[in-house]
Amino acid sequence: MAHDNYLSLISLSLDNMLTEDEQFSLEKHLQSCAACMHAWEQMSLVDGMFKAPVEITPPPEFTSRVMARVSSYEKRRHLYPWMTLIMTTILLAAMMSIILPVLFVSLGLYRVLFDIPVLGDLLTRLIEMRAQIVTLVGSFGASAIRWMSIVTNDPMALAVIVTALVMISIWIGMREALKLQPAAELSTQSA
């Protein structure tokens with residue numbers, strides 16, 4: 001148990017926290033006790049490791065990897081102004097493709113185009129074709145809505161559709177079974 005007290009004194013001595021009397025008593029004990037002297041040496045070694053400056057060596061090829069990254073950065077850095085210019089040009093073109101048609105139509109500038117002989121005829125035909133497509137899509141949509149309304153509201157129509165789907169699925173199943181039948185006959189003949 002007396003050694004525990006001296007181990008505490010050794011620790012305090014390494015931290016320079018002993019009085020002169022305690023330091024003298026510790027040194028006197030260390031001269032006569034080999035176990036405490038060994039503990040002093042071990043603790044001094046550990047204390048020295050903590051007080052010594054840390055020397056960390058970089059991994060091999062650290063310098064070459066850093067320089068490669070610096071070189072890569074330098075190459076990319078020269079591209080930044082060009083990339084900024086390209087992105088700005090694309091942004092301006094996109095904005096103009098939205099703004100110009102709106103201004104063109106809202107200010108009525110499109111009327112001038114109809115005065116040009118070939119272009120006016122082409123625009124007139126395109127507008128007529130667009131109107132026909134809108135009418136066709138509208139009538140198709142209206143027909144689809146009417147059909148869905150009939151199917152969902154009329155139980156007889158729903159029964160006809162379900163029956164037709166069942167018959168089609170049976171027909172498809174029978175065709176697939178006939179495709180498999182020759183293969184089954186060949187396997188039974190070879191056995």
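The values are calculated or read from the model by the stated rules, or taken from the named source; none is laboratory data. As the structure is a prediction and not an experimental result, all values here were calculated from the model. Reconstructed Cβ throughout: ideal geometry from the backbone, glycine too, with neighbour counts over all protein chains shown.
Under the condition of being polar (S, T, N, Q) and under 41 Å from the mean Cα position of the chain (by Cα), the residues counted in the stretch 91-113 number 1. Sub-7 Å Cβ pairs linking a first residue in the stretch 130-141 that is at pLDDT 95 or above to a second residue that is loosely packed, with under 10 Cβ neighbours inside 10 Å and part of a helix (DSSP H, G or I), at least 6 apart or interchain, number zero.
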